[in-house]
Amino acid sequence: MSDNHHNIHYIELPALSVAAMKAFYGEAFGWTFTDYGPQYAAFHGAGIEGGFDESQDYIAPNKPGAFVILYSDDLDASQLAVKKAGGEICVETYSFPGGKRFHFKDPSGNELGIWTEVKSE
């Protein structure tokens, strides 16, 4: 068996507009992209490879299912970057044991989270 056996290998996010998704994630997080036709783009620089898929007839992404969470060394700066890039903060920053996080919606309505570790003193 390879070291990758049963590891999460790739994530696809539904896209209402691949162009809008690339603009948002590129501006907010500095991700780069490889286009595979007009309705699909792979993203790079996210810690795991993935893609934006506009080829399906998505009305809007569904809330149930996997929840993608990014990590940030500076949660406040990440929240400002999301807002500046046109993301919608849908759950304000809250604390939990060991950290803090907030949730946002991207241009296609996908809800993701960003968290940071908070070390106890």
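Please treat every number below as a calculation from the coordinates, not as lab data. None of the values given here were measured: they were computed from a predicted structure.
Per-structure values
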item: For the chain, calculated [θ]222 nm from helices alone, where every DSSP H run of n ≥ 4 adds -39500 (n - 2.57); result: -5500 deg cm²/dmol
item: 27 Å Cα-Cα reach of Lys22 towards lysines, excluding residues that sit fewer than 8 places from it in its own chain; result: Lys63, Lys83, Lys84, Lys100, Lys105
item: Relative contact order, percent, segment 11-117 [alpha-carbon distance under 8 Å, six or more residues apart]; result: 28 percent
item: Antiparallel %, DSSP beta bridges [both residues in the chain], to 5; result: 75 percent
